[in-house]
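Structure first, commentary second.
The values are calculated or read from the model by the stated rules, or taken from the named source; none is laboratory data. Note that this is a predicted model, so its numbers are computed, not measured. Cβ placement follows ideal geometry from the backbone for every residue including glycine, while neighbour counts extend to all protein chains displayed. We work out accessible area using only protein heavy atoms, side chains counted, and drop any ligands, DNA or RNA first. Shrake-Rupley method; radii C 1.70, N 1.55, O 1.52, S 1.80 Å.
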Amino acid sequence: MSCNIEENYDVVVIGAGHAGCEAALACARLGLETIIFTVSVDSIAMMPCNPNVGGTSKGHLVRELDALGGEMAKNIDRTFIQSKMLNTSKGPAVHSLRAQADKKNYSQSMRNVMENTDKLTIRQAEVAELIVNDNVVCGVKTVSGAVYHAKSVVICTGTYLKARCIYGDVSNYTGPNGLQSANYLTQSLIDNGIEVYRFKTGTPARADKRSIDFSKMEEQKGDEKVIPFSFSTDPESVQKEQVSCWLTYTNEKTHDIIRANIDRSPLYSGKIHGIGPRYCPSIEDKVMRFKDKERHQVFIEPEGKYTNEMYLGGMSSSLPEDVQYAMYRTVPGLENVKIVRNAYAIEYDCINPLQLNATLEFKKIKGLFAAGQFNGSSGYEEAAAQGIVAGINAAMSVLGKEMIIIDRSQGYVGVLIDDLVTKGTNEPYRMMTSRAEYRLILRQDNADLRLTEIGHRVGLVSDERYEQVLNKQKLIVSEISRLSQIKVGAGKEVSDFLARHGSEPLHTGCSLAELIRRPEIMYEDTVELDPERPEVSYDVAEQININIKYEGYIKRQLSQINQFKKLENKKLDKDFDYTKVKGLRVEAMQKLNNTKPLSIGQASRISGVSPADISVLLVYLNLK
């Protein structure tokens with residue numbers, strides 16, 4: 001198909017989900033003429049599955065994205081209807097913020113930001129073809145034949161490529177929520193030598209609020225004091241009335257219905273060929289895989305403030321409509337439930353992420369970048385975090401500047417990308433705190449201290465914001481130093497203070513820092529013993545508490561990071577031929593040649609490369 005339309009841009013972004021929005025905003029804010037394509041302008045930043053942002057480990061990604069200069073954290077601060085800090089009974093490494101979004105408002109708010117960003121053009125059209133000359137991307141062509149020349153292209157197609165939605169015997173070739181799928185680009189990817197996977201994910205039913213009996217469920221309220229996602233959001237601006245969520249459970253009746261109809265599930269009948277997420281299974285998967293579990297949690301979450309749709313979290317399914325009704329109605333509070341939208345599974349094309357560098361640029365096609373579920377990950381937060389990295393690097397590529405690589409010791413976003421491009425994935429990848437080996441350092445509370453410098457260096461964070469972070473860092477360091485020097489004795493005032501806080505009495509003098517090291521004593525508590533204390537904000541006080549209480553553990557982890565950095569700094573030639581290295585096992589040779597690691601550290605994390613192989617490599621390259 002031919003068309004007379006031909007336009008020039010610096011960057012083309014394909015797809016306007018969470019990855020595409022962050023990629024396009026990053027490029028436009030860095031001064032590049034950017035066009036973003038979407039199959040529907042109404043689907044910009046759409047939340048086709050759960051109505052929330054953040055959660056365990058995902059909250060870390062959103063905070064890091066914010067530190068780099070992204071938009072997701074600011075957008076959820078504008079549009080949340082409930083906010084909660086998770087895992088507060090555990091250590092600070094796993095504290096994670098999670099906010100319920102008003103889905104429609106979230107999407108509209110992000111669209112408003114996009115529409116009012118200079119140098120950013122939004123275009124509703126389906127991209128059908130990549131234009132690649134001599135392994136360099138030169139632009140894209142739409143289904144109408146219109147040509148858009150560009151110096152960089154970022155693919156963020158999410159779950160839309162050859163998408164198929166399935167429940168029972170019903171199968172529709174559409175994207176999520178019945179939107180148009182993108183059916184042409186896959187062939188162009190294959191024609192350009194890109195390896196394509198077929199993955200699957202799913203979503204539960206949405207129910208009419210009026211048909212739910214909340215008296216049989218446990219109410220889940222938000223935090224009394226809301227902590228914003230964005231480091232730049234005024235905490236007072238997010239203190240507002242919140243909407244409740246609800247908790248209920250499946251039971252043996254639910255499980256019996258699922259087991260009796262399991263042969264009707266496309267997952268088990270062979271009608272679904274895509275590989276699903278292990279860590280976010282459907283309810284039929286949970287029942288079949290965890291036979292000892294008598295019940296599973298079901299979270300009833302509002303889809304927005306001005307809708308009666310409720311999301312039945314924990315019960316995603318591809319079972320037939322009649323089975324869905326039967327199983328949902330066995331759950332306490334859902335006995336008379338009316339379904340607004342059926343649960344369904346969705347199959348889609350994505351890529352083998354081993355084809356990407358840590359910059360998220362394709363190894364074999366210069367200027368072509370990829371982010372989000374297209375890279376084999378799952379989740380809004382994982383997508384957005386990759387989106388900003390791909391967007392920054394697409395911009396750096398156009399500007400002729402050095403691209404950024406965030407490593408595993410710098411952020412969860414570094415762990416996420418490194419896992420994808422080094423280890424690959426054979427199922428939709430989900431971020432978890434257990435994947436981050438330096439999680440005591442990579443806390444969600446200090447993401448600004450870790451990553452704002454990178455956001456400022458590339459040009460996405462203002463001088464003013466960066467100066468605020470530097471001042472915060474100085475204040476934390478100076479206040480900890482001051483507390484270490486202030487001595488308190490074992491007199492009556494201190495004894496009474498300790499008794500009130502259920503703490504053992506002192507037998508000799510100590511510093512205030514040593515008192516704060518006790519689990520039951522917080523920095524804020526010691527103000528009565530410290531009349532000269534400067535006034536500090538909540539987030540500074542939090543850093544002081546954590547750094548004093550976990551000092552020994554933090555020092556140990558920093559030492560481990562130093563060892564990690566030594567291996568990361570031993571660089572490898574990306575064009576090196578590993579068949580030259582005698583002593584390497586055949587599997588290691590093949591894996592190394594396939595991945596082309598950038599450092600000894602990355603080589604050591606490749607599946608199938610053993611410590612013995614790394615030793616052989618170090619000797620050969622004389623890098624010890």
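For the reader, a short list of remarks on this structure follows.
- A viscosity of 0.692 mPa s and a temperature of 37 °C, combined with the Kirkwood radius over Cα pairs in Stokes-Einstein, give a translational diffusion coefficient for region 518-624 of 189 µm²/s.
- Within a straight-line Cα-Cα reach of under 16 Å, Lys119 can be paired with the following aspartates and glutamates, leaving aside sequence neighbours fewer than 8 residues apart in one chain: Glu7, Asp10, Glu22, Glu33.
- Cross-link partners of Lys90 among lysines (Cα-Cα below 17 Å; sequence separation of 8 or more within a chain): Lys58, Lys549
- Size of electric dipole in the chain: Cβ of Lys, Arg +1 and of Asp, Glu -1, about Cα centre, debye, nearest 20: 1620 debye
- Here is how the number arises for the chain: DSSP H runs of 4 or more residues each give -39500 (n - 2.57), the sum is divided by the residue count, and the result at 222 nm is -10000 deg cm²/dmol.
- 3J(HN,Hα) couplings calculated from phi for region 81-91 with the Karplus curve 6.51 cos²θ - 1.76 cosθ + 1.60 (θ = phi - 60°) are, in sequence order, 10, 7, 9, 8, 8, 8, 6, 5, 7, 9, x Hz; Gly and Pro show x.
- Our summary of shape: the Cα atoms of region 345-454 have principal axis extents of 41, 35, 21 Å, ordered from largest down, in whole angstrom.
- Enclosed volume per residue, in Å³, of the convex hull spanned by Cα atoms of region 211-320: 171 Å³
- Net charge dipole, region 206-345: roughly 420 debye, given to the nearest 20, about the Cα centre with Cβ charges of +1 for Lys and Arg and -1 for Asp and Glu.
- Region 98-205: chymotrypsin sites (Phe, Trp or Tyr not before Pro) in DSSP loop, at most 13 other beta carbons within 10 Å: Tyr173
- DSSP beta bridges confined to the chain are antiparallel in about 70 percent of cases.
- Accessible-area composition of the chain, carbon plus sulfur, in percent [1.4 Å probe]: 49 percent
- Two-decimal Rg to Rh for region 1-111 - Kirkwood Rh, Cα set: 1.07
- Residues of region 206-345: accessible area per residue with a 1.4 Å probe, Å²: 50 Å²
- Among the trypsin sites (Lys or Arg not before Pro) in region 478-526, those located in a DSSP loop and surrounded by at most 16 other Cβ atoms within 10 Å of their own Cβ are Arg517.
- The rule of thumb for compact globular proteins, 2.2 N^0.38 Å, goes into the C-alpha radius of gyration of region 335-400 1.55 times.
- Here is the list for region 485-534: GluC sites (Glu not before Pro) lying in DSSP coil, each with at most 12 other C-beta atoms within 10 angstrom of its C-beta, are Glu520, Glu532.
- At least 24 Å along the helix axis (C-alpha) and Kyte average at least 0.0, DSSP helices within the chain: 380-399
- Its alpha carbons give region 570-623 an Rg and a Dmax of 9.4, 23 Å.
- In the full protein context, region 474-559 carries 57 Å² of accessible surface per residue, based on a 1.4 Å probe and ignoring ligands, DNA and RNA.
- Longest to shortest principal axis, alpha-carbon extents of the chain, angstrom: 86, 68, 52
- Charge-dipole axis of region 474-559 as Lys and Arg at +1 and Asp and Glu at -1 on Cβ define it, positive-most pick from Tyr553, Gly491, Val536: Tyr553
- Computed from backbone phi, the HN-Hα couplings of region 284-290 come to 5, 5, 4, 5, 6, 8, 10 Hz, rounded to whole numbers (Karplus: 6.51 cos²θ - 1.76 cosθ + 1.60, θ = phi - 60°; Gly and Pro given as x).
- Bridgeable lysines around Lys291 (alpha carbons under 21 Å apart, same-chain partners fewer than 8 residues away excluded): Lys253.
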